[in-house]
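Taken together, the values in this text are just the output of simple stated rules run on the coordinates, not laboratory data. As the structure is a prediction and not an experimental result, all values here were calculated from the model. Cβ atoms come from the backbone with ideal geometry, glycine included; neighbour counts cover every protein chain shown.
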Amino acid sequence: MRKRWVNSIALALTIFLSGCTPDNYEASVIKTISSHDRNLDISIVKYGYDATVPFVYRIYVLNAGKSPLEIEPDSDYLRTDSIDSMELSWSTPSSVSIKCAEGKVYKFNNFGYLDQTEIRVNLDTNCQ
């Protein structure tokens, strides 16, 4: 009897945790903005996880024309639960400005490399 109970708990935990894995999501590209020289793109991707937070938005910087759905999901520069008032723009051909990030910021990287290009990302959480 005790073994059946332990097996039932193990099965329930496996089912519960499998619903929260990063592979279990729907993704859609919300917006893409090309840099001034058209070599790079900023893309916002909406991920639906069906978890405690229904949607997470991720911002990627990638080579122009490449889909963010084809790259590693964890290579995002910003991860947040809201993009309602957010403004994205290119400051220079390799520098991104993100203004008015109101939601919870789960992840933020202010720099990275794409091929040989150094990428800079500026985040402003002031909303006026």
Exercise. Return the loop-located trypsin sites (Lys or Arg not before Pro) in region 70-128 (DSSP other than H, G, I, E, B) with at most 11 other Cβ atoms within 10 Å of their own Cβ; answer none if there are none.
Key: Lys104
Exercise. May I ask you to evaluate 6.51 cos²θ - 1.76 cosθ + 1.60, the Karplus curve with θ = phi - 60°, for each residue of region 68-83 and list the ³J(HN,Hα) values in order in whole Hz, giving x for glycine and proline?
Key: x, 6, 9, 10, 4, x, 7, 8, 6, 9, 9, 10, 8, 9, 8, 10
Quiz item: For Val121, what is the net charge nearby, where nearby means another residue's Cβ is under 13 Å from its Cβ and Lys, Arg count +1, Asp, Glu -1?
Solution: +2
